[in-house]
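A.B. asks: Structure provided below as structure tokens; questions to follow.
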Amino acid sequence: MSYVFAACPPPVNVCDDGTLLFYLQLKSLQKDPMQMPLCVEFVSGEEVDATTGEEQSITICDDIHNESGINPTSYLEERGGLSDEGNDFSHTVDADFELEHISSAEITRLNSLVDEEIRNMPVVKHSEPTRIALNSIYGSKKELDFHLKMYAITNFFQYRTKTSCPMVLHVVCVDYPNCKWAVRAVCIDKVSLFQVKRFDSEHTCPIDVRQRNNRQATSRLIAELIKHEYGDPSNKPYPPKSVMLDMQTKYGIYMSYKKAWIAKELAMELAMGSEKQSYARLPSMCHVLDRSNPGSIVSYSCKENGEFKKKFMCLSAWKDGWIHCIPVIIVDGSFLKSYYKGTLLTACTQDANKQIFPLAFGICSGENTENWSWFFSMLKRSLTHRDDLYIVSDRHEGIINAVRSVFPHAEHGYCVYHILANLKTRFRGSQTSVSWKFLQAARVGSVYECEEYLRMLDVEDERIRTYLERIGHDKWSRAYASRNRYSVMMSNNAESLNAVNATAREYPICKLIEFIIARMQKWFCERRETSSSNTCRLSTHFESELVVLQAMAAVMTVKPSCAFEFEVFDKKSRSYVVNLKERTCTCREFELDGFLCVHSVAAIRSRPGLSCYDYISEFYTAHHWAQTYCGIIHPIGSPDGWMVPSHVSQVICKPPSCESRPPGRPKKRRIPSTGEHVRKQTCTRCHMAGHNRKTCRNPIPLHMR
């Protein structure tokens with residue numbers, strides 16, 4: 001049978017009557033009968049006679065070997081001798097004493113029972129850090145160390161380590177030797193369990209000494225406490241300030257911002273792995289993602305030295321849903337906020353319910369003509385060709401050049417929000433007045449109405465018209481557009497998708513991809529259920545919009561010209577000509593969006609037997625809405641369960657080479673696009689730029705007093 005042997009003094013091998021007598025004398029010195037237990041090891045020493053084949057019995061002491069190399073006699077001499085004269089509890093052994101003979105099969109059975117008993121010992125759980133008990137057992141030295149630190153934090157004292165080795169952990173109060181508080185634990189034989197052998201729980205030191213600092217509240221310990229906040233990328237951001245506040249309110253730990261930031265970085269690494277590990281796992285992830293979603297386009301490329309270069313992802317569910325959405329692609333780029341530099345390229349469109357529908361994602365070194373050309377080439381290869389394709393983006397030079405080379409037959413329009421931001425900073429006039437006049441000029445469908453609003457802008461600043469002409473009216477105005485833009489005037493769909501991924505852009509590349517897949521999987525599941533339960537002929541959004549148009553059209557006057565042509569008068573007596581056969585209206589809303597305008601609704605209402613649903617584009621119907629989300633995004637599961645062939649798992653993918661991080665806080669705010677100027681903040685107190693009145697510390701000039 002095997003017992004737990006104390007860590008000190010060293011073990012003594014009992015192999016004959018003399019050493020057995022020595023052990024009995026040593027045992028008699030112990031006041032605690034549980035100290036110095038007998039540790040007997042059973043060794044499988046089965047020997048079979050070659051001639052008879054009979055199993056021989058073995059003596060227990062025959063196979064016990066001295067692993068520590070300690071001589072019992074010398075050990076006695078070091079301790080000052082252990083004679084019968086100096087002990088009241090001396091023991092003697094009869095000369096006729098014989099050890100019992102046990103078969104090797106019985107030894108094996110007993111050893112297995114002992115090992116099973118050790119494994120089934122009750123172990124203190126990680127979630128019980130508020131108490132310590134003598135003889136309590138911990139799963140490992142790391143668990144014990146965590147438990148001791150949490151015990152010190154929750155009881156508001158400090159300790160320092162006196163002895164720490166693979167076999168022993170001995171900690172004492174920070175005011176040792178004045179304070180007697182101490183904990184000593186030793187490793188249990190054959191397993192990594194640690195058992196508390198000594199626990200002096202009383203503090204004899206002044207309270208201000210042991211509560212002076214948070215010695216045990218290290219960054220790594222705090223990382224262990226907060227790592228669950230970063231395990232799910234869909235959780236809300238958990239910045240260092242939140243770490244500081246939570247540690248103070250929960251545990252009374254006061255910490256600096258730098259310490260909280262380090263703890264956050266360590267927690268992210270504990271929860272998600274390191275950046276290097278993430279890049280190394282990328283080839284396997286791409287393989288599993290492609291296998292779990294057949295028909296997807298998932299690719300990556302590395303440089304000759306194995307450094308990561310580019311990553312593209314277009315899942316089969318996105319490809320299948322594209323043909324049921326409007327033929328408009330919105331693209332944008334956003335920088336990654338992890339340790340290694342990079343850019344996330346996004347392409348999306350709008351579904352029948354006017355919601356964001358993802359098309360593809362790409363990861364590359366940055367926004368330039370080469371990377372955008374690569375992204376558009378992969379996008380063109382992945383998506384079904386549409387003759388009436390329209391692309392909306394900001395005015396980034398790389399996007400303009402890439403669209404011109406990859407999609408020469410597609411129309412390319414600019415985001416009116418970015419143009420408006422430049423108008424506010426470059427030209428005179430009220431920002432509110434310039435905003436609504438320009439947005440109305442961009443949104444109206446007729447050239448006449450657009451010119452009206454441009455003349456209003458001339459009143460604000462005559463240079464605005466010249467600036468807009470230099471950009472090109474067809475790039476921002478629906479009235480001048482040569483192709484249907486479907487009222488997608490801004491790139492906010494792509495930017496909203498970037499905002500969804502804002503927190504995940506701080507994570508390692510594999511966690512970023514996992515977040516995108518999980519979020520899109522959630523969207524598809526929710527919208528599939530919503531669209532399938534819809535009982536209307538149109539999607540929810542456009543069904544509601546049609547109800548509003550019906551109410552507005554009820555007060556209009558309609559004069560028919562023939563069976564399909566009508567003149568419609570609004571409340572201001574303005575007339576519009578509607579042709580239901582050609583599906584046109586002089587306001588041009590009918591033909592530009594593929595959806596009814598209020599004048600066409602009034603004309604249809606005037607003719608019994610006509611239905612508004614027959615004049616609406618199929619891209620707004622409930623059928624197309626449901627078909628958009630028929631595809632399923634299959635999850636890839638945990639990396640532990642991936643089945644990856646050896647030729648894929650052996651591929652080397654290193655993080656991209658990047659320059660050292662510049663000093664200061666890493667920038668996380670949106671970078672202005674090409675041609676976009678940011679208005680500088682001006683103080684109303686000293687009229688200097690770069691701050692406001694509240695934070696102004698400049699002396700006021702004499703002429704301003």
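A.B. asks: Using only the Cα atoms of the stretch 457-595, what semi-axes does the equivalent ellipsoid have when each is the square root of 5 times a gyration tensor eigenvalue? Give whole Å, largest first.
C.D. replies: 39, 27, 13
A.B. asks: Still on this structure, please answer the following. In whole Å, what three semi-axes, largest first, describe the equivalent ellipsoid of the stretch 123-210 built from its Cα gyration tensor (square root of 5 times each eigenvalue)?
C.D. replies: 22, 14, 10
A.B. asks: On to the next question. Label points 7 Å out from Cα along the Cβ direction at I207 and H385: separation in nm?
C.D. replies: Simple spin-label model gives 8.3 nm for this pair.
A.B. asks: Right, here's the next one. In whole Å, what is the distance between the alpha-carbon centres of the stretch 151-170 and the stretch 474-488?
C.D. replies: Each part's Cα centre sits 71 Å from the other's.
A.B. asks: Rg and Dmax of the stretch 306-360, using alpha carbons, in Å: what are they?
C.D. replies: That works out to 13.7, 44 Å for Rg and Dmax.
A.B. asks: Next question. Taking N as the number of residues in the stretch 522-620, what value does Rg over Cα atoms divided by 2.2 N^0.38 Å take?
C.D. replies: 1.20
A.B. asks: Going 7 Å from the Cα of K694 along its beta-carbon direction, which residues of the stretch 239-281 have the amide nitrogen within less than 20 Å of the resulting point?
C.D. replies: Counting only backbone N, you get 241-242.
A.B. asks: Hey, another quick one. Restricting things to alpha carbons, tell me how big the stretch 544-594 is in terms of Rg and Dmax, in Å.
C.D. replies: Over the stretch 544-594's Cα set, Rg and Dmax evaluate to 11.1, 30 Å.
A.B. asks: What per residue convex hull volume, in Å³, do the alpha-carbon atoms of the stretch 331-434 yield?
C.D. replies: Spread over its residues, the Cα hull of the stretch 331-434 gives 150 Å³ apiece.
A.B. asks: With a Cα-only, solvent-free Debye model of the stretch 355-500, what are the log10 I(q)/I(0) values at q = 0.11, 0.16, 0.18, 0.20 Å⁻¹?
C.D. replies: Values, matching the q order: -0.46, -0.92, -1.10, -1.27.
A.B. asks: Which of the chymotrypsin sites (Phe, Trp or Tyr not before Pro) found in the stretch 178-274 are in a DSSP loop and have at most 12 neighbouring Cβ atoms, other than their own, within 10 Å?
C.D. replies: Y254
A.B. asks: Okay, moving on. So between K559 and R470, what do we pick up on full extension, going 0.36 nm a residue minus the alpha carbon distance?
C.D. replies: Working it through step by step, the gained length comes to 27.8 nm.
A.B. asks: Moving on. What fraction of the Cα pairs in the stretch 493-553, stated in percent, has a spacing above 20 angstrom? If you can, show how the numbers build up before the last one.
C.D. replies: Working: 923 of 1830 pairs.
Looking at the stretch 493-553, the distances longer than 20 Å represent 50 percent of pairs.
A.B. asks: Next up: Using label points projected 7 Å from each Cα along Cα→Cβ, tell me how many nm separate I652 and S482, to one decimal.
C.D. replies: 5.1 nm
A.B. asks: Right, next: Over the stretch 219-272, what number does the Rg to Rh ratio reach, with both radii from the alpha-carbon atoms and Rh per Kirkwood?
C.D. replies: 0.93
A.B. asks: Also: Using only the Cα atoms of the stretch 416-487, construct the convex hull and provide its projected area averaged over every direction, in square nanometres to one decimal.
C.D. replies: Hull-based average projected area comes out at 4.2 nm².
A.B. asks: Which loop trypsin sites (Lys or Arg not before Pro) in the stretch 557-592, with loop taken from DSSP, have no more than 13 other Cβ atoms within 10 angstrom of their Cβ? Before the final figure, lay out each step's value.
C.D. replies: Numbers: sites: K571, K572, R574, K581, R583, R588; in loops: K571, K572, R574, K581, R583, R588.
Sites meeting the loop and neighbour criteria: K571, K572, R574, K581.
Values quoted throughout were computed directly from the atomic coordinates according to the rules given, and no laboratory measurement underlies them. Being a predicted model, the structure only gives us computed values, none of them experimental. Methodologically, a virtual Cβ is constructed for each residue, glycine included, from the backbone with ideal geometry; neighbour enumeration extends over all protein chains shown.
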